[in-house]
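Chemist: Just passing along the structure, written as structure tokens.
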Amino acid sequence: MKRRFVSVALAVMLMLGCFSVAQAGGEIAPPELDQALEELGYQRDHIEMLSREEKQALVKSGKLSERELDEYLDEAGYPEELVVILDYAQKVDIYLNQATYSSHHVEYQHLTDGKDEEYGIRSWNNFTHWFSVHKLSSPSGQHRYMIYYNWRWNYAPNITLTDKFGMSWSNHQGWWIENNSWRMNYTAVGQNNTHFYYWNNFSDMIATGVGWSFNIRSSINGDPIVGHRGWGRITIRVNHGGTGGSSRTELAGNYFHKLFGTDSPLVFEGSGQWPSVNIQASWRYDRPSMLMDRWTWFHSD
């Protein structure tokens with residue numbers, strides 16, 4: 001398909017940094033690139049998180065339609081049930097990185113706060129979270145995987161303070177985090193279909209886990225919020241040794257809704273077979289059940 005061949009060319013140019021759209025000194029993209037992306041409809045906070053090469057790639061591509069991105073995802077092996085729940089910005093990210101599908105896992109759970117618990121609403125599955133694992137190009141002898149933890153909360157919480165979410169992975173195979181690969185998004189949706197977006201590339205991080213915090217919204221310019229969603233992304237690498245065998249890496253992720261008190265740090269554990277994501281002073285937070293997943297990868301290029 002034509003778009004597929006164009007995207008391969010984009011990947012090569014991304015690696016070489018050889019676009020002629022605009023010249024930039026050092027790592028800072030010129031204002032012309034940012035302006036061009038705004039004119040294409042990209043949000044300023046999103047633009048500020050992108051590398052110079054990513055900005056150049058998007059300007060070179062023009063505004064990518066959701067249909068074009070879905071066609072790429074289909075060719076890269078992504079199942080329809082995952083394609084329909086990924087955000088547009090994630091699809092752009094997957095396309096720019098020329099990722100291919102590895103695995104995903106979705107769970108439907110429940111999360112409320114305040115007095116709603118007294119009315120026995122626990123059976124209502126209003127909270128969904130999922131992992132998706134994406135294979136990236138890598139040098140010989142290594143593997144690179146981009147991991148997303150997504151969540152979606154169809155609820156208007158009574159308490160709106162600073163919420164947190166994060167993910168962790170088992171590290172007995174020697175994974176390490178790729179520099180500057182972490183970013184997050186939070187989106188609030190109003191009753192009248194208004195939207196609030198928050199982007200950030202700062203995080204709480206250790207060798208086996210990464211997490212983010214944000215101020216959850218109750219309204220957008222007076223429009224009551226009826227739903228929330230977000231995601232965090234990280235890229236990790238491992239040396240595979242070339243033995244030809246296979247290994248499995250486990251993942252854990254969770255969301256923490258603050259009820260009262262001061263902020264608490266996330267706690268990551270990745271030394272055992274199954275990792276975990278918890279939070280100190282956990283009585284100050286409501287949360288769904290921890291999301292657990294694993295994927296298989298091979299010790300060969």
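Chemist: Listed residues Ser219, Ser203, Ser181; which is under 21 Å from the mean Cα position of the chain (by Cα) and either without any contact (Cβ under 8 Å) to a residue 40 or more places away in the chain or not assigned by TED's automatic domain parsing to the domain that holds Ala156 (or both)?
Modeler: Matching residue, one of Ser219, Ser203, Ser181: Ser203.
Chemist: Right, next: Scanning for something outside any helix (DSSP H, G or I) and under 25 Å from Thr249 (Cα atoms), does the range 38-46 turn up at least one residue?
Modeler: no
Chemist: Has the range 142-158 got any residue that is buried (at least 18 other Cβ atoms within 10 Å of the Cβ), out of contact with any Gly (no Cβ under 6 Å at 6 or more places or on another chain) and of a type in the set (S, T, N, Q)?
Modeler: Looking for residues that are buried (at least 18 other Cβ atoms within 10 Å of the Cβ), out of contact with any Gly (no Cβ under 6 Å at 6 or more places or on another chain) and of a type in the set (S, T, N, Q), one finds at least one in the range 142-158, hence yes.
Chemist: Here is a further query. Can you tell me how many residues in the range 179-206 are surrounded by fewer than 18 Cβ atoms within 10 Å (Cβ to Cβ), farther than 27 Å from Val267 by Cβ and touching a strand residue (DSSP E or B) at 6+ places or on another chain (Cβ under 7 Å)?
Modeler: 6
Chemist: Residues being touching a Lys or Arg at 6+ places or on another chain (Cβ under 7 Å), among the small types (Gly, Ala, Ser) and either surrounded by fewer than 17 Cβ atoms within 10 Å (Cβ to Cβ) or modelled with pLDDT of 85 or more (or both): count how many of those fall in the range 20-64.
Modeler: Result for the range 20-64: 1.
Chemist: While we're on this one: Would you check if Tyr78 is at pLDDT 90 or above and either surrounded by 13 or more Cβ atoms within 10 Å (Cβ to Cβ) or over 26 Å from Thr128 (Cα atoms) (or both)? Give the steps one after another, and end with the answer.
Modeler: Values: at pLDDT 90 or above: yes; either surrounded by 13 or more Cβ atoms within 10 Å (Cβ to Cβ) or over 26 Å from Thr128 (Cα atoms) (or both): yes.
The answer is yes for Tyr78.
Chemist: Here's another thing I want to ask about it. Within the group Glu81, Glu38, Glu48, which residue is among the acidic types (Asp, Glu), over 21 Å from Gly230 (Cβ atoms) and not assigned by TED's automatic domain parsing to the domain that holds Phe202?
Modeler: Glu38
Chemist: Could you list, in sequence order, all residues of the range 246-273 that are in contact with a Gly (Cβ under 9 Å, 6 or more places away or on another chain) and in a strand (DSSP E or B)?
Modeler: Glu250, Ala252, Gly253, Asn254, Tyr255, Phe256, Leu266, Val267, Phe268, Glu269
The values are calculated or read from the model by the stated rules, or taken from the named source; none is laboratory data. This one's a predicted model, so the numbers in the text were calculated from it and none came from an experiment. FYI the Cβ positions are ideal-geometry reconstructions off the backbone, even for glycines, and counts take in every protein chain you see.
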